[in-house]
Number of protein chains: 2
Amino acid sequence: MPNEPKLIPGPSFFIGKGDDNGLISFGSGQPDLPPPPEAFDALTKYKGFKYGLIQGEEPLRAKLAEEYPAAMPEHFVITNGASEAIDLVLRSISKPGGKVLLPRPYYYSYPFDVMYAGMTPVYYDLAEGGKINYEQFEKVAPGCRAVFINSPSNPTGTVQDIETLEKVEALCDKLGLYIISDEVYKDLIYDRENYLLHGKHVVTVNSFSKTYAMCGFRVGYLYSQDAQLVSKVIEMKTHTSMNTSVAAQIMALAALRVPASYVEKHVKIWKERRDMLYAGMLELGLKLWKPEGAFYVLPKLKNSGRVVSDLYYKYRMITYDGAWFGAPDHVRFSYALDASKIKEGLRRLKKFLKTEYREY
Amino acid sequence: MPNEPKLIPGPSFFIGKGDDNGLISFGSGQPDLPPPPEAFDALTKYKGFKYGLIQGEEPLRAKLAEEYPAAMPEHFVITNGASEAIDLVLRSISKPGGKVLLPRPYYYSYPFDVMYAGMTPVYYDLAEGGKINYEQFEKVAPGCRAVFINSPSNPTGTVQDIETLEKVEALCDKLGLYIISDEVYKDLIYDRENYLLHGKHVVTVNSFSKTYAMCGFRVGYLYSQDAQLVSKVIEMKTHTSMNTSVAAQIMALAALRVPASYVEKHVKIWKERRDMLYAGMLELGLKLWKPEGAFYVLPKLKNSGRVVSDLYYKYRMITYDGAWFGAPDHVRFSYALDASKIKEGLRRLKKFLKTEYREY
């Protein structure tokens, strides 16, 4: 078939690809605005080179502990991004035959990480607006080893209601399930403060990548009051990667110390972009949930694999196939890019919708 | 019992502990001499912050390819130290019921990494002088999924004969076994050049930690001509940690570009220290294999757990229990420390051998 599209195999095809030569990237979820200059400054002064503590540098964990109520430095493990935190937690709690409950759409790595850890992902669909339907959750959670919560969500940008999260906490506590709460977008919520899930077996996963624009440096962490789990994670990390790069940790500590205005300014910018892209998509007649946090929208677009391929090869736009997130016939757009590029992207998308797409 | 020693639980107890306050560390295997200044200089100029390619920065892989005959940049994956390379390879080749053959004594992480990957470690003992007995190897290798080679060895410091390595290559090729060749000490051999194992299913694991004193920055890599394996590793790393910290990769590239004299100068120093510690231990009447590379000796010391505890709590010396390496009744001493400290350490060891140790 002459028009057979070259399908993009998955996100790793795009990761690390720049947005030059007229290419507009709505792809990878990474800020275009730079980290605080203090983070780079810290790097210029650093002269250490020896192994660090596997658990992470003590001053960094002490500073993080100030951010969480009743937290202590020993409740944290600094990791190679949130990805490694999730991987280590899953491997540490793995049981043969263990099931892990994922909301759908989900961040594309979750099912892989669950399977790599020797467990089985099971799913429930998010209801209208991207919200957890608690009645449904209550039915599927029993018998699982762990459940994932991801609010604000990648790829939907939606934020879960506090009452729902409280009910989820209570249920998991009663059933003795681990909650892996991926809160990497906790500082990027537009309408309210983040709600920190808590409980005996809650593991909070976070990162410096989104809040401080440090994706490439790979520094994240997990926080848990479950001492036994934390100790298992440290033991495992001793053999699978050792300490997280000390250079990245030095930068992270400097970033944590900058005034709150750094993050506030960014959130204001994300909100403006969100408004622009959301309004622009509604105008194009697309159906999508209104994002309340993070920097993603997930409009419905039939035959999404072909859409992503056509947008890339014919319109020079990177987008991510919803199918990678368990949402076929949807396409994820990250709006972590300049307003002028969002505008140009919308223009190209309009053209695509009026031409190729009508013939699908 | 009043004299019951407080046993040290494992290497993670010591990792990241400094050698201040009179504490002498023969523990962690990390150079005390600093990285090339060019590595730090590169860091001061770096202003990138976005995700890098999961496989690793292209200029770094291109430079590495120059170091290996017939290698191409696509044969490499840059990892969070050699540890992550080993972990990813084992997870990528894992089969239910798979067995992985380890020489004993082994680097302490190998059995854990094999088990974390869902396989089973099996062992054969190194013969006199720390050498592989090929007749024995030939009997135990068939039926395994992979074999580890570690020359120069941590913890013994011994280097395998080239004829043996060639026979191992041929056998594994014939049997279709993966060889995971941990060559992180390849640049620290005192008597000859390193022999690079090669073959269709050979995975060479290496690191910038030892050659360039960059332990804390965590940058290592794997090299393999097995395209399918490399691609599996990249796919897995996309979900388990993403790119290796770009700051660390920038440093590694700068280090690779320094003149060979940097490494030669270090090797000369390691050799002097090796001679000093080896001679000192023989003088104390200890039994040990003469190390030909790396920076470890592994003398026989009965009741090694108690030795390590007593040396730490009573003599302010960090040493590693041979039992952690599959060599009970041995103690590993790293000589990656200043000659004056080696001398003082030998003095303390002499005192210990003449007093406590005689009453064990």
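The values are calculated or read from the model by the stated rules, or taken from the named source; none is laboratory data. All values derive from a computational prediction rather than experimental measurement. Virtual Cβ from ideal backbone geometry, glycine too; neighbours counted across all protein chains shown.
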Which condition does B:GLU74 not pass, out of (1) of a type in the set (D, E, K, R); (2) in contact with a Ser or Thr (Cβ under 9 Å, 6 or more places away or on another chain); (3) away from chain A (no Cβ under 13 Å), if it passes all the others? (2)
Name the residues in the stretch A:297-325 that are under 13 Å from A:LEU353 (Cα atoms) and in contact (Cβ under 8 Å) with a residue 40 or more places away in the chain, would you? A:LEU301, A:LYS302, A:ASN303, A:ARG306, A:VAL307, A:VAL308, A:ASP310, A:LEU311, A:LYS314
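Given the structure, is A:LEU88 surrounded by fewer than 22 Cβ atoms within 10 Å (Cβ to Cβ) and within 13 Å of chain B (Cβ to nearest Cβ)?
Working: surrounded by fewer than 22 Cβ atoms within 10 Å (Cβ to Cβ): no; within 13 Å of chain B (Cβ to nearest Cβ): yes.
No.
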Does A:ARG316 qualify as being touching a Phe, Trp or Tyr at 6+ places or on another chain (Cβ under 7 Å) and over 30 Å from B:GLU84 (Cβ atoms)? no
For a quick check of your reading of the model, give me the residue pairs whose first member lies in the stretch B:36-55 and is within 17 Å of B:SER209 (Cα to Cα), whose second is assigned to a loop (DSSP other than H, G, I, E, B), with beta-carbon atoms closer than 6 Å and at least 6 apart or on different chains. B:PRO36/B:VAL258; B:GLU38/B:VAL258
For the stretch A:102-119, check the following and say yes or no: at least one residue is within 23 Å of A:CYS172 (Cα to Cα), at pLDDT 95 or above and in contact with a Lys or Arg (Cβ under 7 Å, 6 or more places away or on another chain). yes
Of all residues in the stretch B:36-67, which are crowded, with 17+ Cβ neighbours inside 10 Å, facing chain A (nearest Cβ under 10 Å) and under 25 Å from B:THR238 (Cβ atoms)? B:TYR46, B:PHE49, B:LYS50, B:TYR51, B:GLY52, B:LEU53, B:ILE54, B:GLN55, B:GLY56, B:GLU57
Whichever residue in the stretch A:320-343 is basic (Lys, Arg) and in contact with a helix residue (DSSP H, G or I) (Cβ under 8 Å, 6 or more places away or on another chain) and, among such residues, is nearest to A:GLY157 (Cα to Cα): A:ARG332
Any residue that is of a type in the set (Gly, Ala, Ser), farther than 30 Å from B:ARG332 by Cα and assigned to a loop (DSSP other than H, G, I, E, B) - is there at least one of those in the stretch B:30-52? yes
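The rows are residues; the columns are (1) within 18 Å of B:GLN30 (Cβ to Cβ); (2) among the β-branched types (Val, Ile, Thr); (3) touching a strand residue (DSSP E or B) at 6+ places or on another chain (Cβ under 9 Å).
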site: B:ARG273; (1), (2), (3): yes, no, no
site: B:TYR278; (1), (2), (3): no, no, yes
site: B:LEU282; (1), (2), (3): no, no, no
site: B:LEU288; (1), (2), (3): no, no, yes
site: B:ARG316; (1), (2), (3): no, no, yes
site: B:THR319; (1), (2), (3): yes, yes, yes
site: B:LEU346; (1), (2), (3): no, no, no
site: B:LYS350; (1), (2), (3): no, no, no
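If I ask for residues that are among the basic types (Lys, Arg) and either within 13 Å of chain A (Cβ to nearest Cβ) or more than 13 Å from B:PHE208 (Cα to Cα) (or both), which ones from the stretch B:237-262 would you list?
Of the stretch B:237-262, the ones among the basic types (Lys, Arg) are B:237, B:257.
Passing the criteria: only B:LYS237.
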Output yes when any residue across the stretch B:132-148 is buried (at least 17 other Cβ atoms within 10 Å of the Cβ), farther than 30 Å from A:ALA117 by Cβ, touching a residue at least 12 places away in the same chain (Cβ under 8 Å) and in contact with a strand residue (DSSP E or B) (Cβ under 8 Å, 6 or more places away or on another chain), and no when none is. yes
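Residue under question is A:PRO11, and the condition is that it be over 27 Å from B:ILE234 (Cβ atoms), modelled with pLDDT under 95, within 24 Å of the chain's Cα centre (by Cα) and facing chain B (nearest Cβ under 8 Å); does it hold?
Working: over 27 Å from B:ILE234 (Cβ atoms): no; modelled with pLDDT under 95: yes; within 24 Å of the chain's Cα centre (by Cα): yes; facing chain B (nearest Cβ under 8 Å): yes.
So A:PRO11 fails the test.
If we keep just the residues of the stretch B:97-130 that are among the small types (Gly, Ala, Ser) and either assigned to a strand (DSSP E or B) or in contact with an Asp or Glu (Cβ under 8 Å, 6 or more places away or on another chain) (or both), which is farthest from the other protein chains (Cβ to nearest Cβ)?
Start the filter on the stretch B:97-130 by keeping residues that are among the small types (Gly, Ala, Ser), which leaves B:97-98, B:109, B:117-118, B:127, B:129-130.
Next cut, either assigned to a strand (DSSP E or B) or in contact with an Asp or Glu (Cβ under 8 Å, 6 or more places away or on another chain) (or both) only: B:117, B:127.
Numbers: B:ALA117: 10, B:ALA127: 27 Å.
Per the criteria, the residue is B:ALA127.
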Quick one: A:TYR312 ticks every box in (1) assigned to a helix (DSSP H, G or I); (2) over 19 Å from A:LYS6 (Cα atoms) except a single one, so which number is it? (2)
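In this structure, is A:SER241 in contact with a Phe, Trp or Tyr (Cβ under 9 Å, 6 or more places away or on another chain) and either touching a residue at least 40 places away in the same chain (Cβ under 8 Å) or among the β-branched types (Val, Ile, Thr) (or both)?
Working: in contact with a Phe, Trp or Tyr (Cβ under 9 Å, 6 or more places away or on another chain): no; either touching a residue at least 40 places away in the same chain (Cβ under 8 Å) or among the β-branched types (Val, Ile, Thr) (or both): yes.
It is false that A:SER241 is in contact with a Phe, Trp or Tyr (Cβ under 9 Å, 6 or more places away or on another chain) and either touching a residue at least 40 places away in the same chain (Cβ under 8 Å) or among the β-branched types (Val, Ile, Thr) (or both).
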Can you name every residue in the stretch A:144-182 that is closer than 24 Å to A:GLY27 by Cα and among the β-branched types (Val, Ile, Thr)? A:ILE149, A:THR156, A:THR158, A:VAL159
If we scan the stretch B:228-245, do we find a residue that is over 15 Å from B:ALA85 (Cα atoms) and hydrophobic (A, V, I, L, M, F, W, C)? no
Run B:LEU23 past the list (1) assigned by TED's automatic domain parsing to the domain that holds B:LYS343; (2) surrounded by 20 or more Cβ atoms within 10 Å (Cβ to Cβ) and report the number of the one that doesn't hold. (2)
